[in-house]
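**Q** Quick one: structure below, then a few questions.
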Amino acid sequence: MNISDIKKGLALPVREFSCDNRQLFLYNAVLFNAHRIHYDYPYATKVEGYADLVLAGPLIGDWLHQCVDAWVGESGELLSMEYSNRHAAYVDEVLTGIGSVVSVDTEQQTVEVDLRIENANGDVIAPGKAVVRLCDHG
């Protein structure tokens, strides 16, 4: 991928993500995250009022990172990333990672992208931004 080929508005490849109960448990175990909304269905639904077990916020951030990483591949590196979890996402829900180029700085060899994870209703679960540095091979 050459920086000269990247233009504002270019869409990153769309990616789909989903997490089942086992994956959610293992992910939270690695994080030492023992919040009951991630593994205790009666607690999550009856006490906290969620529709199902809730995906961990950092998992959503990891998926945003994967969207950028898959796009840039070996052609560059992630310099910075930020995101904010806005809505709960649930086990077995299919979520979509979407991104587009916001700006290109050919002098610095950097690209800024807007990112978001959406649910099937089109609700933005987590908006984000990333900056990558590309290596111009051309």
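**Q** In the range 38-51, which residues are free of Cβ contacts under 8 Å to residues at least 40 places away in the same chain and over 20 Å from the mean Cα position of the chain (by Cα)?
**A** Result: Y39, D40, Y41, P42, Y43, A44, T45, K46, V47, E48, G49, A51.
**Q** Given the residues V68, V104, V94, which is the only one that is more than 18 Å from the chain's Cα centre (by Cα) and either modelled with pLDDT of 95 or more or open to solvent by less than 30 Å² (accessible area, probe 1.4 Å) (or both)?
**A** Only one candidate passes the filter, namely V104.
**Q** Which residues, taken from the range 120-134, are part of a strand (DSSP E or B), farther than 16 Å from G61 by Cβ and either open to solvent by 40 Å² or more (accessible area, probe 1.4 Å) or free of Cβ contacts under 8 Å to residues at least 12 places away in the same chain (or both)?
**A** R133
**Q** Is it the case that C19 is under 18 Å from the mean Cα position of the chain (by Cα), touching a residue at least 24 places away in the same chain (Cβ under 8 Å) and not in a loop (DSSP other than H, G, I, E, B)?
**A** no
**Q** Let me ask something else. Tell me which residues, restricted to the range 82-124, are aliphatic (A, V, I, L, M) and in contact with a helix residue (DSSP H, G or I) (Cβ under 6 Å, 6 or more places away or on another chain).
**A** Those that are aliphatic (A, V, I, L, M) and in contact with a helix residue (DSSP H, G or I) (Cβ under 6 Å, 6 or more places away or on another chain): V91, L115, I117.
The values are calculated or read from the model by the stated rules, or taken from the named source; none is laboratory data. For clarity, every value in this text was computed on a predicted model and none was experimentally measured. So basically every Cβ, Gly included, is an ideal-geometry build from the backbone, and we count neighbours across all protein chains shown. All accessible areas refer to the heavy atoms of the entire protein, side chains included, with ligands and DNA or RNA removed. Shrake-Rupley method; radii C 1.70, N 1.55, O 1.52, S 1.80 Å.
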